[in-house]
Amino acid sequence: MLHYLQGLLSALDLTSLLDAVLRVAAIFLCLTVHETCHGLAAYALGDPTAKREHRLSLNPLHHIDWVGLACMLVLGFGWAKPVPVDMRYFKNPKSGMALTALAGPLSNFVLALVLLFVCRFMAYHVAATAFTVALYSFLYTTAFLSVGLGTFNLIPIPPLDGSKVLFSFLPDMAYFKLMYYERYGMLLLLALAFIGAGGGFVSALMNTVFRALLTLVGL
């Protein structure tokens, strides 16, 4: 039995396993910040729903949708549990929803900037060891994933955040009709992800934003 376990352990690619664990941790961090900031924005605008549902939390277990996480790891496209928002609490429902939606992607760009500033500090002031190199790689990768999540969510296809921002400029009748049918947008997104449509454009946009942030922090 011991010989069998030793053989099994030796067959495992521990480096790949560690990379996978760190990638999941990075996704947890990006999604948690994104969803928490949706809830904080809604709360600041007068909607207590997210607070009541314990979604103003940095505990990733409050936000992670396991199917969405699996899709993100396999397809590069996934989702978290939507933060509950009740537009009736907003003084201006359309603008309140737009600001709440925009808070998620903006938080991802801010998170990426903070992580890249830490990377810059480490590059110039921290001695290179196995640990610091691994930490630098994790922070850099997390920043890249955070930019990807923020950029992707700005696409104006329901139910992504960009659609709520764009729709806020429509007349009320058209706005609420589109919001009613936004649940079907997920099927469109899944279909596009499955056939790979638009992936090149999204990747190019994400890389452009990430390079801009690298330039901004001096990396």
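Scanning the stretch 154-165 for residues that are at pLDDT 90 or above and either open to solvent by 20 Å² or more (accessible area, probe 1.4 Å) or of a type in the set (Asp, Glu) (or both) gives 154, 161, 164, 165.
Reported count of residues in the stretch 71-94, each being open to solvent by 50 Å² or more (accessible area, probe 1.4 Å) and in a helix (DSSP H, G or I), is 5. Of the residues making up the stretch 198-219, those that are of a type in the set (A, V, I, L, M, F, W, C), loosely packed, with under 12 Cβ neighbours inside 10 Å and modelled with pLDDT under 90 are 201, 204.
Selection of first residues in the stretch 35-58 that are under 17 Å from residue 149 (Cβ atoms) and of second residues that are open to solvent by 80 Å² or more (accessible area, probe 1.4 Å) and part of a loop (DSSP other than H, G, I, E, B), restricted to Cβ pairs under 7 Å at least 6 apart or on distinct chains, gives the following pairs, ordered by first then second residue: 36/58. For the stretch 84-99, a residue qualifies if it is within 11 Å of residue 164 (Cα to Cα) and of a type in the set (Lys, Arg), and exactly one does: 94.
One residue alone among 118, 114 is out of contact with any helix residue (DSSP H, G or I) (no Cβ under 8 Å at 6 or more places or on another chain) and either surrounded by fewer than 18 Cβ atoms within 10 Å (Cβ to Cβ) or on the phi > 0 side of the Ramachandran plot (or both), and that residue is 114.
Restricting 50, 98, 26, 20 to those that are part of a helix (DSSP H, G or I), in contact with a Gly (Cβ under 9 Å, 6 or more places away or on another chain) and of a type outside the set (Ser, Thr, Tyr) reduces the list to 50. You will find that of 180, 184, 136, the residue that is open to solvent by 40 Å² or more (accessible area, probe 1.4 Å) and modelled with pLDDT of 90 or more is 136 and no other.
The values are calculated or read from the model by the stated rules, or taken from the named source; none is laboratory data. Nothing here was measured: the structure is a model prediction, and the numbers come from that model. Note that we place each Cβ from the backbone using ideal geometry, even for glycine, and neighbour counts take in every protein chain shown. Side chains are part of the model used for accessible areas, which takes the heavy atoms of the whole protein and leaves out ligands, DNA and RNA. Shrake-Rupley method; radii C 1.70, N 1.55, O 1.52, S 1.80 Å.
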